[in-house]
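Note sheet for the following structure.
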Amino acid sequence: MAEHPVSGSAVTGAAAAGPALDARLVVDRAGFRLDLELTAAPGEVVALLGPNGAGKTTALRALAGLAPLGGGRLALDGTVLEDPAAGVHTPAEDRPVGVVFQDYLLFPHLSALDNVAFGLRCQGLSRRAARAAAEPWLERMGLAEHASARPGRLSGGQAQRVALARALAVRPRLLLLDEPLAALDARTRLEVRAQLRRHLAEFEAVAVLVTHDPLDAMVLADRLVVVEDGREVQQGPPAEIARRPRTDYIARLVGLNLYQGTADGHRVRLADGPVVVAADELTGPAFVAFPPSAVTLHRERPESSARNVWRVRVAGLDRHGDQLRADLSGELPLAADLTPAAAAELGLAPGTEVWAAVKAAQTHAYPA
């Protein structure tokens, strides 16, 4: 199934009534503090994106009730689940929350059907009633024929869908997904990502996804919240985050060269001296960015119309898909993408000095 964006109508309509999730998560650990505000409308999928140790999983555990808040407040559908100042703490088992863990945590001794029925049994249903309620969820996931199979006989993609069915069967008001595709191989990941996108598009409550993979975040989420060092550094629709990153981490994630300086018209003077000419006209603090594919390399100073030309040195070469990515140091450190044939023709190797050129039309500036 093709991956596609959600129409957004459900999110927009629900947003007018106020957020379904309204939280400020404050969690203190040794040498680390998470302080994150997080809101979401019914039907909205929010992805928490950030480097290792940023606090994403801590935030997910706090939402689930597995990491008590040291401050802040957590409300879901207008009901306060946790407020340390008021002495309110709803135990994890009493929260209307479904969780899909990175390794799925399916019970190995139970069939797929009984795994899905487990949460329903915990809600007080009889074994027969829970299994009857679980069957439609396996059918929705395309796993009806695997109802009697134990997890050890399921593929990675099938196990992921059983875990998702188990989480959705209890009809949670908040669905938490912790790296739900990380355990899958590349081919299975592509298929399951498309299926997960469809199921999330049909989910009427709030979903919060934690991932390291920018493609998972871009495809699955309506909105990204980028977390670094326990705090939000940027949030917005995926396309906006990709187009206008505001930290080096995000720029690397979406594959852009990013710099910060002061704009005066089309010229942005960077803090360490070089000037970058951009297509956009600005005044004041600014970011300036361009993709590695916009960089051309030359052994002699180019006579082309490129407004940006810098003397650089090859610091490293790495395979990047069907191209090579050159890590360049010098007047302006940057990354450039080129074909193996072009690299051979230029005689590129670590230490080789070249000229890097970027057209102003391919360079974009925006307010810092």
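We did not get these values from a lab; they are worked out from the coordinates using the rules stated. What you see is a predicted model; the values in this text were computed from it and never measured. Cβ sites come from the backbone with ideal geometry, for glycine too, and all protein chains shown count toward neighbours.
Annotations
- Simple spin-label estimate for A201 and E303 in nanometres, 7 Å along Cα-Cβ: 5.3 nm
- Applying the Karplus relation 6.51 cos²θ - 1.76 cosθ + 1.60 with θ = phi - 60° to segment 40-56 yields 3J(HN,Hα) values of 7, 8, x, x, 8, 10, 10, 9, 8, 10, x, x, 4, x, 6, x, 5 Hz, where x marks Gly and Pro.
- Pairs of alpha carbons in segment 275-368 whose separation is greater than 22 Å (percent): 28 percent
- Inter-label distance, T188 to S329: 4.1 nm, where each label sits 7 Å from its Cα along the C-beta direction.
- Extension gain for A144 to A92 (0.36 nm times residue separation, less C-alpha to C-alpha distance): 15.7 nm.
- Stretching T262 away from R127 to a fully extended chain increases their span by 42.0 nm, per 0.36 nm per residue minus the current alpha-carbon distance.
- Between S155 and R311, full extension at 0.36 nm per residue minus the direct alpha carbon distance yields a gain of 51.0 nm.
- Residue with peak Gaussian network fluctuation, the chain [Cα springs, cutoff 10 Å], from A356, A186, A40: A186
- Only DSSP H runs of four or more residues enter the estimate; each adds -39500 (n - 2.57), and after division by the residues of the chain the mean residue ellipticity at 222 nm equals -8000 deg cm²/dmol.
- Cα pair distances in segment 67-189, grouped into 10 Å bins until the bin that holds the longest one, percent each: 13, 39, 29, 16, 3, 0
- Cα-derived Rg over Rh, computed across segment 167-297 with Rh taken as Kirkwood radius: 1.08
- Among H298, H89, H146, residue whose mean-square fluctuation peaks in a GNM of the chain (springs only between Cα atoms under 10 Å): H298
- Within segment 69-100: backbone nitrogen closer than 20 Å to the R33 label point (7 Å, Cα to C-beta): 69-74, 83-86
- For q = 0.06, 0.09, 0.13, 0.14 Å⁻¹, Debye-computed log10 I/I(0) when each Cα of the chain counts as one equal scatterer: -0.30, -0.63, -1.06, -1.15
- For G71, the residues whose modelled amide H falls within less than 5 Å of its own, excluding neighbours fewer than 5 places apart on the same chain, are V26.
- With the cut-off at under 14 Å, measuring from each backbone N in segment 178-198 to a point 7 Å along the Cα-to-Cβ line of F101 picks out 178-180.
- Converting phi to 3J(HN,Hα) with the Karplus coefficients 6.51, -1.76 and 1.60 and the offset θ = phi - 60°, segment 23-29 yields 9, 10, 9, 10, 10, 10, 10 Hz in sequence order, with x at every glycine or proline.
- Relative contact order of segment 9-247, taken over Cα pairs closer than 8 Å and 6 or more residues apart, is 27 percent.
- Proximity of backbone amide H atoms, modeled 1.01 Å from N, is registered between T352 and V314 at under 5 Å, excluding neighbours fewer than 5 places apart on the same chain.
- Note on Q362 and H320: their simple-model spin labels are 1.1 nm apart, each label 7 Å out from Cα toward Cβ.
- With eigenvalues of the C-alpha gyration tensor scaled by 5 and rooted, segment 237-330, Å: 22, 19, 12
- Computed from backbone phi with θ = phi - 60° and the Karplus coefficients 6.51, -1.76 and 1.60, the 3J(HN,Hα) list for segment 351-368 is x, 5, 8, 9, 9, 10, 10, 9, 6, 4, 5, 9, 10, 10, 10, 8, x, 8 Hz; x is used for glycine and proline.
- Ordering H199, T39, L110 by Cα displacement along the dipole of segment 9-247 toward the positive end leaves L110 in first place; charges were set at the Cβ atoms of Lys, Arg (+1) and Asp, Glu (-1).
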